[in-house]
Amino acid sequence: MNKKVLITGGAGYIGSHAAVTFLEAGYDVVILDNFSNGSADTVRRVEDISKRGLRLIEGDIRDKSCLHQIFSENEVYAVLHFAGLKSVAESVSDPLRYYENNVAGTVFLCEAMEEANVRRLVFSSSATVYGDPVENPVSERCLTGKLSSPYGRSKSMVEEVLQDIAAAKPAWHIAILRYFNPAGAHPSGLIGESPNGPPNNLIPYISQVAAGWRDVLRVFGDDYPTPDGTGVRDYIHVQDLAEGHLSALEAINKRAGLHIWNLGTGRGYSVLEVIRAFEIASGRSINFEIERRRLGDVAECWADPTKAQMELNWKANRSLTEMMTDAWRWQKNSLPSA
Ligand code: NAD
Ligand code: UD1
């Protein structure tokens, strides 16, 4: 019998790619999603790509009875926990919603797991927990600094909750995965990132400018202490990220306790380099203007991925060109949103 994973937030961007990866690796999949930022259509596409069926439950991680029912009806081997809200700006204007959804939601999920004797968890954290990194590349040991948003603090709080669970309950196997900047889409062009309204993140914004949905990309600052003055980030293909989850689950299966891994490529690219790579991949020119710096942005942040490479036997292999090519293929298949 196949092992079964519960994927919270599996109808969203990263969770849907992980669902494909796990189905293709022979796991059975149950997805729990409240569709606040995901859709049943995405899940159907996951089934089309992997040519396998899965169980989709529309529900909320904060709904205890829903969780109870899922764990009693399914023999869940592990939980991949992607469900959460992710807009930095929204978290500043509505912090309670972020703490309730991201922090309280995770507490409810862990309670239900403990009750059901399911104690393998892979959690989606973020490089945002490093704040303004004291050094680059950033390793897992880098002290987490002052965080600039409730979103970032919600991730950091969940990490602490999980540390406490692991300390109190040795039977738990927990992976905290700190993602750098996820980008790209499945090469089929069937699933990818679909921001609601104007995108906050760089690559979805560039894609929409290339597609003619938006007139101009605002480049937030060209006066950073970086080679070309624009911000530098570690963009990682969402497929590499999804595969990192598979490796992480296999690793924690062998080792109890809590483990933290950076998922990044170890290489930073500037905003201007990303624009150029997208222009080459799409054959379109990107209209951009230099604006003042965005509040809360750091100059540069890229990963030291050595720990994940050594302990997970995993490496991000896909290039920036592949990320841009796949992002553009997905963009061309997408319909305009608001
Ligand atoms: P996403 O918004 O595309 O996916 C999240 C999914 O969770 C959505 O389908 C949404 O409907 C669902 N959801 C939200 N709250 C829920 C709840 N209470 N109950 C059930 N379902 C709920 O986001 P994503 O980009 O796929 O991110 C997945 C995770 O990775 C998030 O936790 C996010 O914070 C984290 N992360 C994302 C990035 C990024 O750049 N995308 C970077 C670092 C970390
Ligand atoms: C942002 C969040 C981070 C979150 C991550 C999720 C902030 C301050 N940080 O990271 O907490 O985990 O998204 O993916 O919001 N840029 C532009 N023009 C744009 C958009 C972005 O120039 O329209 C620049 C930014 O200044 C930055 C780079 O592009 O230098 C990447 O930005 P973005 O994609 O938003 O990611 P982060 O800021 O790294």
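The values are calculated or read from the model by the stated rules, or taken from the named source; none is laboratory data. Computed from a prediction, not measured in an experiment: that's the story for all the values here. Please note: Cβ atoms are built from the backbone with ideal geometry, for glycine as well, and neighbour counts cover all protein chains shown. For the accessible areas, the whole protein counts, side chains as well, though only heavy atoms, and no ligand, DNA or RNA atoms are used. Shrake-Rupley method; radii C 1.70, N 1.55, O 1.52, S 1.80 Å.
With a Förster radius of 51 Å, plug the Cβ-Cβ distance of Glu75 and Glu273 into 1/(1 + (r/R0)^6) and report the FRET value to the nearest 0.05.
Step by step, r from the Cβ atoms, then E = 0.60.
Roughly what would the spin-label model give for Arg44 and Asp63, points 7 Å off Cα along C-beta, in nm?
The two pseudo-label positions are separated by 2.1 nm.
Compute the FRET efficiency between Asp164 and Ile280 as 1/(1 + (r/R0)^6), taking r as their Cβ-Cβ distance and R0 = 45 Å, and round to the nearest 0.05.
E(calc), rounded to 0.05, equals 0.40.
Give me the percent of accessible area attributable to carbon and sulfur for region 96-188, probe 1.4 angstrom.
52 percent
Starting from the Cα of Asp215, step 7 Å along the direction of its Cβ; do the same at Ser139; then give the gap between the two resulting points in nm.
Computed distance between label sites Asp215 and Ser139 equals 4.9 nm.
Assuming 0.36 nm per residue, please report the length gained on full extension of the stretch Ser93 to Asn333 beyond their Cα-Cα distance.
Contour length minus the Cα-Cα distance gives 83.1 nm.
Classify region 291-338 as rounded, prolate or oblate, taking a ≥ b ≥ c as the square roots of the eigenvalues of its Cα gyration tensor: rounded when a/c is under 1.5, otherwise prolate if a/b is larger than b/c and oblate if not.
In terms of gyration-tensor shape, oblate.
As a check on your grasp of the helix formula, calculate [θ] at 222 nm for the chain: sum -39500 (n - 2.57) over DSSP H runs of n ≥ 4, divide by the residue count, round to the nearest 500.
Roughly -12000 deg cm²/dmol at 222 nm, from the helical runs in the chain.
Gain in length, Phe108 to Phe35, computed as 0.36 nm per residue apart minus the alpha-carbon separation, to one decimal in nm?
Gain on stretching Phe108 to Phe35: 24.4 nm.
Check cross-link reach from Lys307 to the lysines: straight Cα distance under 18 Å, and skip same-chain residues fewer than eight apart.
Within reach: Lys254, Lys315.
Using DSSP H assignments, which helices in the chain have an axial alpha-carbon span of 24 Å or above and a mean Kyte-Doolittle hydropathy of -1.0 or higher?
Membrane-span-like by this criterion, though nothing is claimed about a membrane: 150-168, 238-254.
Can you compute log10 of I(q)/I(0) for the chain with the Debye formula, treating each Cα as one identical point scatterer, at q = 0.13, 0.14, 0.15 Å⁻¹?
Results for the chain at q = 0.13, 0.14, 0.15 Å⁻¹ read -0.98, -1.15, -1.34.
Take the alpha carbon atoms of region 54-128, find their center, do the same for region 261-338, and report the distance between the two centers in whole angstrom.
So the two Cα centres are separated by 27 Å.
Be a star and scan region 156-184 for residues whose amide nitrogen sits under 14 Å from the point 7 Å along the Cα-to-Cβ vector of Arg255.
Label zone hits: 173-177.
Using 0.36 nm per residue, how much length does the chain from Asn117 to Asn201 gain when fully extended, once their Cα-Cα distance is taken away?
Extra length available between Asn117 and Asn201 comes to 26.4 nm.
Between exposed chymotrypsin sites (Phe, Trp or Tyr not before Pro) in the chain, where DSSP calls loop and at most 16 other Cβ atoms lie within 10 Å, what's the longest gap?
Within the chain, the longest run free of exposed chymotrypsin sites (Phe, Trp or Tyr not before Pro) spans 78-212.
Given axes a ≥ b ≥ c from the Cα gyration tensor, I'd like to know whether region 177-264 is rounded (a/c under 1.5), prolate (a/b larger than b/c) or oblate.
Oblate.
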